[in-house]
Amino acid sequence: MMLIIATQEIETESFLINELNEIAHHFDRVVVITTQKSNNITHKFEIIISKRSDFLLPAILHSMKKLFSKEAYQELRDRKKMRVNPGLKSLIYNWITTWMIERRLQGYLGKIWQGEEMILYSYWLNVYAYFVANVKKRNPQITAISRAHGFEIRDFNDYIPFRRTIDTYLDKIIFISRYTKIEYESIVKRIANEVRAEQRVIRLGVNNLGQFVPNAFNHNNTLHIASCSGIHQLKRLDLIIDSLAEVSEAVKLNWVHFGDGSDFNMILDYAKKKLAKNNITYSFKGQLANSDILKYYENNDVDIFINASDYEGIPVSIMEAMSYGIPCIARNVGGNSEIVINEISGKLVPNAASARLIADVIQEFHFQKVHDFQNYLELRSSTYKYWTENFNAIKNYDTFLNYILNGNRILSNAG
């Protein structure tokens, strides 16, 4: 059996790389088709690059013809229904991208495919899922699947390009969270579209290469807080800073942030202005390798992890913190309620939580660590257990593999 994966930039998609390295030995051949070069990854699969220069002119001509097709008419009508700008440029771009990938795949398969079973897998529910659906349309014997993460569903005012083709020809859509699945279903109702694909929730997960020892933890009176995200408006580093500034000066805090972004200098200046207090120390570590961040969690006593984003699917950063038994504070947005469970893995605050409310939660954690240390250690243990049961990568890869190969049962962590 062959597994062929379509994605834009495999080199930056560590989840996909880890997933494929884990499941590759179950297939006779695993191939990733991508439009970006991938020179710096270790993998157990083939990579073929679809270069724009290879098929650009015929792809443009093909796309011009498509403008007068029934599919183009339906697409423009659906965009109008969703109050999305018609965007002929984006239509043509998607057609060009899809057509070039299809030609590259056809050339590859013409050399090696002997008609054996094939699963064609888009890692995102976007133009690559459209590509998968188009191949399925012409080759009904293959199995066509796609993951859906969240952000691609919310693009363009909740509009997924060419969703009629996607919904008609995909066999399976695998959502990474219940929230994403519910959001997708609500959008389907809005445009009154029929979805043929089976739909399941199978979560992503992370590996923990360290060792969790709940009692090997330093009991002191400083609360060590970590956060990890890009630094831009959506991630709300300003709200974290405002919350820390609201904490009583009797509470000692040490905050470390991992990540970089377009608003780095602005956030750094804001922190200097708001956190010039004797009880707070902080540092911005910038963009580090993921392995270095995990080593930090393993080698330092991080008491809590905080995420204040305006939107999330299910944050990888929270999964990683929990895999080291670090309880988390997060706003109730996106899929956060599926990973941050009050009294089990941390504290979920309302979406509209003020800096004052978040500061109160931080102070509660500090009080528990200083005055009720045994219960704090029990919270760390339950956080680690929740990660093990729900966001352990090996378990979740096995569930995913079982589903795409058999499709007749789903293990306990799917919903």
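Spelling out what I want: for every residue of segment 125-134, take phi, set θ = phi - 60°, compute 6.51 cos²θ - 1.76 cosθ + 1.60 (Karplus), and round to whole Hz; glycine and proline get x.
In residue order, the calculated couplings are 8, 9, 4, 6, 5, 5, 4, 4, 5, 5 Hz.
Based on the mean of other Cβ atoms within 10 Å per residue, sort peptides 327-338, 140-151 so the most packed one is first. Walk me through the numbers on the way to the answer.
Details: 327-338: 22.2, 140-151: 19.8.
Ranking, from highest mean packing down: 327-338, 140-151.
Kindly state, to the nearest 0.05, the FRET efficiency for ILE341 paired with TRP113, given R0 = 56 Å and r defined as their beta-carbon distance. Walk me through the intermediate numbers first.
Working: r = 46 Å, r/R0 = 0.82.
According to the calculation, E is roughly 0.75.
Hey, can you grab everything whose amide H is under 5 Å from the amide H of ARG236? Only 5+ residues off in sequence or another chain; H modelled, so Pro and N-termini drop out.
ASP310
Using modelled amide H (1.01 Å from N, peptide plane; none on Pro or chain starts), what sits under 5 Å from the amide H of LYS252, excluding residues fewer than 5 places away?
Sorted by chain and number, the residues that satisfy this are LEU223.
Under a crude label model (7 Å from the Cα following the beta-carbon direction), how far is TYR270 from GLU46 in nanometres?
Result: 4.9 nm between the two label points.
Starting from the Cα-Cα distance between ARG29 and ASP260, subtract it from 0.36 nm times their residue separation and give me the gain in nm to one decimal.
Extra length available between ARG29 and ASP260 comes to 79.4 nm.
Which entries in the list LYS235/LYS347; LYS172/LYS235; LYS137/LYS395; LYS295/LYS385; LYS252/LYS395; LYS136/LYS181 go over 28 Å, if you measure between the two C-alpha atoms of each?
On the way: LYS235/LYS347 18 Å; LYS172/LYS235 31 Å; LYS137/LYS395 33 Å; LYS295/LYS385 20 Å; LYS252/LYS395 38 Å; LYS136/LYS181 23 Å.
Beyond 28 Å: LYS172/LYS235; LYS137/LYS395; LYS252/LYS395.
By what distance, in whole Å, do the Cα atoms of segment 315-415 stretch along each of the three principal axes, largest value first?
Cα extents, longest axis first: 50, 31, 17 Å.
Stretched out fully, how many nm does the piece from ASP292 to ASP310 gain, at 0.36 nm a residue minus the Cα gap? Write down the numbers at each step before the final one.
On the way: separation 18, 0.36 × 18 = 6.48 nm, distance 2.62 nm.
Length gained, ASP292 through ASP310: 3.9 nm.
Using a Förster radius of 35 Å, what is the FRET efficiency between ASN375 and LYS285 based on their Cβ-Cβ separation? Nearest 0.05, please.
Working: r = 30 Å, r/R0 = 0.86.
Result of the calculation: an efficiency of 0.70.
Out of all DSSP beta bridges in segment 222-390, what portion is antiparallel? Express it as a percent rounded to 5. Please report the intermediate quantities before stating the final value.
Working: 1 of 24 bridges.
Expressed as a percentage, antiparallel bridges in segment 222-390 total about 5.
Would you pull out the residues with amide H under 5 Å of ILE341's amide H, same chain only if 5 or more places away, H placed 1.01 Å from N?
GLY346
If you bin the C-alpha pair distances of segment 222-390 every 5 Å from 0, what whole percents do you get?
2, 9, 19, 23, 23, 16, 6, 1, 0
Identify the residues of segment 293-313 with backbone N under 17 Å of a label point that sits 7 angstrom from the Cα of VAL195 along the Cα-to-Cβ direction, or state none.
Counting backbone N atoms under 17 Å from the label point, the list is 313.
With θ set to phi - 60° and the Karplus curve 6.51 cos²θ - 1.76 cosθ + 1.60, what are the ³J(HN,Hα) couplings of segment 175-182 in order, to the nearest whole Hz, using x for Gly and Pro?
8, 8, 8, 5, 4, 4, 5, 4
If segment 201-279 were replaced by its equivalent ellipsoid, with semi-axes equal to the square roots of 5 times the Cα gyration tensor eigenvalues, what would those be, largest first, whole Å? Let's see the in-between values first.
Working: eigenvalues 131, 98, 21 Å².
Sorted largest first and rounded, they come to 26, 22, 10 Å.
Coordinate-derived values only; no laboratory data. All of these numbers come straight from a predicted model, not from anything done at the bench. Note that we place each Cβ from the backbone using ideal geometry, even for glycine, and neighbour counts take in every protein chain shown.
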